[in-house]
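Asker: Next up is a structure, given as structure tokens.
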Amino acid sequence: MSFTIYCMNKFPIILLLFTLLCCKAKPTPDNHSTTTKASFDSHVHIMSPDLISYWKSLGIPFSKSDAIYANVDTIMEINNADHINLIGMGYVFTSQEYYEGNDRYERMQKENNYLFESALKYPEQITPYFAIDPLQDFAVEELERCYGLFPESGVKLHFNASQVYLTEPVHLEKVSKVFKKSAEHDLPILLHFDNWHPKFGKRDLGIMMDTLLKDIPPVRLQIAHFGTSGGFNEKTKAFIDAFLELKDGNHFPEGHQIMFDISAVALDKDSEGVEALTDDGFKELRKYIDKIGIENIVFGTDYPLYAADEYYNILKEKVGLSEGELDKMNRIQ
Ligand SMILES: [Zn+2]
């Protein structure tokens, strides 16, 4: 696969996956104001202590204490939104690149279980999104298991970690099963769509709209990071333009809800491999927010990258969104 051509060894891949998760994260309680402005954060990560120690054993640097990544009490205190979607990362265990053990399904299950245990501590405030690797034979089995444990949850898919190419008919068939099952159970899907193929973009979107979402019950689909892997650059703009072209061309599948989350897009600091926006970049982002329509955008931070209030203030001060606009994107689906 072409993936191996530009990612020759696994270490950089892990770092890039992890880029927006840990390395430059600086959420601190100092950022707290007494009144929380961001009431809902749709994109907050948690990882189990097992995952942290495994990645530490590979030499991945963690700049903060383990609790910031793994302890739900700490996450709720630092993030400080009233309600969050808590996003699991179990898909890393089924990736050849991120995990070397043979107990892949068991580790994925454990990671999803850890997510649910954490969410249960704040049942009124947390909606957990369990992780599935749609290419695994046990994908639907794990989805059913998680749905049985926690019906009020969502599904997280990461097409780079799982190396999903909708252009491959076998992949499309497998992903279709997961989408169909999620739709049947009314489980919202959070999709990290970007698989880093050089041609990723319009053709993948076309397949999603014309095939993947055809003939299944209505799905609530949240596309992470405005469609790419964080930051705001030519690739992000091309993805959004392609989406809007397809939508204008009547490819938008009836009945479904497709939202874009703005997490990790308005970067005011470099995050390893992804550049902070320039002043012009922030202005351009403002234009693209208007193009997408604020009603189609949902607030999210990619915590631990940012805390909710911290990112809310960036969107207000750097991007120039009004509090009214921010309130519109800052609501539970
Ligand atoms: Zn994320």
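Asker: Taking the residues in the stretch 80-100 that are away from the ligand (no atom under 13 Å from the Cβ) and assigned to a helix (DSSP H, G or I) as candidates, determine which candidate is farthest from Met47 (Cα to Cα).
Answerer: Thr94
Asker: Step by step: first the residues of the stretch 209-229, then only those that are closer than 14 Å to Lys177 by Cβ and hydrophobic (A, V, I, L, M, F, W, C), then the one that is surrounded by the fewest Cβ atoms within 10 Å (Cβ to Cβ). Which residue is that?
Answerer: Going through the qualifying residues, I end up with Ile216.
Asker: Give me the pairs, please: first residue somewhere in the stretch 300-311 and over 10 Å from Ser263 (Cβ atoms), second residue anywhere and aliphatic (A, V, I, L, M), beta-carbon distance under 7 Å, and either six or more positions apart or on two chains.
Answerer: What qualifies is Pro304/Leu21; Pro304/Ala25; Pro304/Ile68; Ala307/Ile78; Ala308/Ala38; Ala308/Ala81; Asp309/Ala38.
Asker: Counting only residues that are of a type in the set (S, T, N, Q) and more than 16 Å from the ligand (Cβ to nearest atom), which one in the stretch 284-320 is farthest from Lys237 (Cα to Cα)?
Answerer: Asn313
Asker: Tell me which residues, restricted to the stretch 262-279, are assigned to a loop (DSSP other than H, G, I, E, B) and within 14 Å of the ligand (Cβ to nearest atom).
Answerer: Result: Ile262, Ser263, Ala264, Val265, Leu267.
Asker: Residue check, Glu323 against (1) under 25 Å from Met76 (Cα atoms); (2) more than 18 Å from the chain's Cα centre (by Cα); (3) crowded, with 21+ Cβ neighbours inside 10 Å, all met but one. Which one?
Answerer: Unmet for Glu323, out of (1) under 25 Å from Met76 (Cα atoms); (2) more than 18 Å from the chain's Cα centre (by Cα); (3) crowded, with 21+ Cβ neighbours inside 10 Å: (3).
Asker: Here is a follow-up. Inside the stretch 210-243, can you point out the residues that are closer than 18 Å to Tyr306 by Cβ, of a type in the set (Ser, Thr, Tyr) and in a helix (DSSP H, G or I)?
Answerer: Thr236
Asker: Mind listing just one residue for me: the one in the stretch 217-230 that is out of contact with any Phe, Trp or Tyr (no Cβ under 6 Å at 6 or more places or on another chain), within 16 Å of the ligand (Cβ to nearest atom) and modelled with pLDDT of 95 or more and, of those, nearest to Gly255 (Cα to Cα)?
Answerer: Taking the candidates together, the pick is Leu221.
Asker: Looking only at the stretch 175-200, which residues are surrounded by fewer than 18 Cβ atoms within 10 Å (Cβ to Cβ), modelled with pLDDT of 95 or more, out of contact with any Phe, Trp or Tyr (no Cβ under 7 Å at 6 or more places or on another chain) and of a type outside the set (Lys, Arg)?
Answerer: Matches in the stretch 175-200: Glu184, Asp186.
Asker: Residues of the stretch 112-130 being under 16 Å from the mean Cα position of the chain (by Cα) and assigned to a helix (DSSP H, G or I), which ones?
Answerer: Correct list: Asn112, Leu115.
Asker: Name the single residue that is surrounded by the most Cβ atoms within 10 Å (Cβ to Cβ) among those in the stretch 131-157 being within 15 Å of the chain's Cα centre (by Cα) and charged (D, E, K, R).
Answerer: Top of the filtered list is Lys156.
Asker: Next question. How many of the residues making up the stretch 62-78 are at pLDDT below 95 and buried (at least 23 other Cβ atoms within 10 Å of the Cβ)?
Answerer: Residues flagged as at pLDDT below 95 and buried (at least 23 other Cβ atoms within 10 Å of the Cβ) within the stretch 62-78 amount to 0.
Asker: Test Ile240 against the stated conditions and say whether it is without any contact (Cβ under 8 Å) to a residue 40 or more places away in the chain, within 17 Å of the chain's Cα centre (by Cα), within 28 Å of Ile216 (Cα to Cα) and crowded, with 18+ Cβ neighbours inside 10 Å.
Answerer: Spelling it out, it is not the case that Ile240 is without any contact (Cβ under 8 Å) to a residue 40 or more places away in the chain, within 17 Å of the chain's Cα centre (by Cα), within 28 Å of Ile216 (Cα to Cα) and crowded, with 18+ Cβ neighbours inside 10 Å.
Asker: Filter the stretch 244-261 down to the residues that are assigned to a strand (DSSP E or B) and either loosely packed, with under 15 Cβ neighbours inside 10 Å or within 16 Å of the ligand (Cβ to nearest atom) (or both) and list them by number.
Answerer: Gln257, Met259, Phe260, Asp261
The values are calculated or read from the model by the stated rules, or taken from the named source; none is laboratory data. For clarity, every value in this text was computed on a predicted model and none was experimentally measured. Cβ coordinates were reconstructed from backbone atoms using ideal geometry, including for glycine residues, and neighbour counts include every protein chain displayed.
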